[in-house]
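One structure is given here, and the rest of the page talks about it.
Read the figures in this text as sums done on the coordinates, not as results from a lab. The model shown is predicted, which means the values in this text are computed figures rather than measured ones. Positions of Cβ are generated from backbone atoms using ideal geometry, with glycine treated the same way; all protein chains shown enter the neighbour counts.
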Amino acid sequence: MELRQLEHFVTVAEERHFTRAAELLQISQSGLSASIRSLEQELGTSLFIRSTRRVELTTAGQALLADSVRTLASAAAARNAVAAVRGLVRGRLTIGAEPCLGSVDLPAELASFRTANPGVEVRLRYSGSIELVDAVAGGRVDVALVVDTGHTPAGVQLRRLSTQEMLVLCHPDHRFAAERSIPLESLRGEPLIGFQEGWGAQALARRAFASAGFDYRAAMEVNDVHPLLDLVGYNLGVAIVPASFARKRPDQLVAVALSGDVPAWNVAVAVAEEPSPAAGAFLRQLQPA
């Protein structure tokens, strides 16, 4: 069993798709399939259930995944430690981010990091903040730019980068549009346009509603900012968002302040308590001394 095979296995397991995994690994799909078949033959069992659309882990594959992630992380740490002694930053850096955080220009940060650290291979993954923090805890992501939802597993630290207020975004014809501020209680029973489970805005809105004594229920859910703005633009509901979202369409939508116990939109970088040299270099760029 080779580290290369474990890397192939973990990538397919995470992507649930051979084509996407092959693209990430920059190898041919036939080469990836051959590597997985060789690993399965060596172990004497199937690791994936294959279908035309995606692949799923078998029971044996699920058992292998956690140990494979740890093995690869240990091997990478050993290589990086040797490189660090030589004054080099090398290895792979997997960065996670929730889209449209409003305070970090991630493409610009990546450009600066790659210029300063050409020996580091960077992978970028977008998802909701809660999933990303869990990925940092599980060693699947090295650094994640997230919204602090209060979810911080053991072994993970959050370093705050910025803070924004949460407000209500609505159509100009909506009854809220004439108000400068509304109490949180006004949203009881109001049709909401929200994000899917695990995204920062959804988690904060759910917490605020629970504090006010009523349930969070979204009439429509999305997984990207622009569809949310489109739906609010058709007056299909209101959205609870950070102030930076409202600035995306200031001539089309109305932002209204919220009063009450509303959590702030705190953007943070999530990282393991003992980050890799590459992760440490990225952190120093985000938070220079």
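Would you kindly state how much longer the chain becomes between GLU56 and HIS226 on full extension, computed as 0.36 nm times their sequence separation minus their alpha carbon distance, in nm to one decimal?
58.1 nm
Please state the charge dipole magnitude for the chain, taken about the Cα centre, from unit charges on C-beta atoms (+1 on K and R, -1 on D and E), reported in debye and rounded to the nearest 20.
It comes to approximately 580 debye.
At 7 Å along Cα-to-Cβ for each site, give me the label-to-label distance between GLN157 and ASN235 in nm.
5.1
Across segment 255-261, in residue order, what do the Karplus-derived ³J(HN,Hα) couplings come to in whole Hz, using 6.51 cos²θ - 1.76 cosθ + 1.60 with θ = phi - 60° and x for Gly and Pro?
In residue order, the calculated couplings are 9, 10, 5, 10, 10, x, 7 Hz.
Among ALA111, LEU72, ILE130, flag the residue with its Cα farthest along the positive direction of the charge dipole of segment 56-180, charges on Cβ as +1 for Lys/Arg and -1 for Asp/Glu.
The residue sitting most towards the positive pole is LEU72.
After finding the eigenvalues of the alpha carbon gyration tensor for segment 166-263, what semi-axes result from the square roots of 5 times each, listed largest first in whole Å?
The three semi-axes for segment 166-263 are 18, 16, 12 Å.
Once R0 is set to 51 Å, what does the formula 1/(1 + (r/R0)^6) return for the Cβ-Cβ distance between SER259 and ARG70, expressed as a FRET efficiency to the nearest 0.05?
My answer for the efficiency is 0.60.
Report, in degrees rounded to the nearest 10, the 0 to 90 angle that the Cα long axis of helix 106-116 makes with the longest principal axis of the chain.
Roughly 30 degrees, rounded to the nearest 10.
Rank the residues TYR216, TYR234 as a footprinting-exposure proxy: fewest other Cβ atoms within 10 Å of their Cβ go first.
TYR234, TYR216
Per 0.36 nm of contour for each residue apart, how much would the distance between ARG37 and ARG217 grow if the chain were fully extended, relative to their Cα-Cα spacing?
Extra length available between ARG37 and ARG217 comes to 60.2 nm.
Give the order of ASP105, ASP230 when sorted by the count of other beta carbons within 10 angstrom, beginning with the fewest.
With the sparsest Cβ surroundings first, the list reads ASP105, ASP230.
Rg and Dmax in Å for the chain, alpha carbons only: what are they?
Values for the chain (Cα only, Rg and Dmax): 21.8, 68 Å.
Hey, with R₀ at 30 Å, roughly what FRET efficiency would ALA63 and ARG20 work out to, going by the Cβ-Cβ distance, to 0.05?
0.80
Using the 10 angstrom Cβ neighbour count as an exposure proxy, how do GLU42, GLU190, GLU273 rank, fewest first?
GLU273, GLU42, GLU190
Fully extended, how many nm does the chain gain between ASP251 and GLU273 (0.36 nm per residue separation, minus their Cα-Cα distance)?
Computed gain between ASP251 and GLU273 is 3.5 nm.
Among THR58, ALA278, SER46, whose Cα lies farthest out toward the positive end of the dipole of the chain, if unit charges sit on the beta carbon of Lys, Arg (+1) and Asp, Glu (-1)?
ALA278
Would you please give the residues with an amide H less than 5 Å from that of THR58, counting only those at least 5 places away or on a separate chain, with H modeled from the backbone geometry?
Amide H neighbours of THR58: PHE48, ILE49.
How big is segment 1-88 along each principal axis, measuring the range of its Cα positions in Å and listing the largest first?
Taking max minus min along each principal axis of the Cα atoms, segment 1-88 gives 47, 25, 18 Å.
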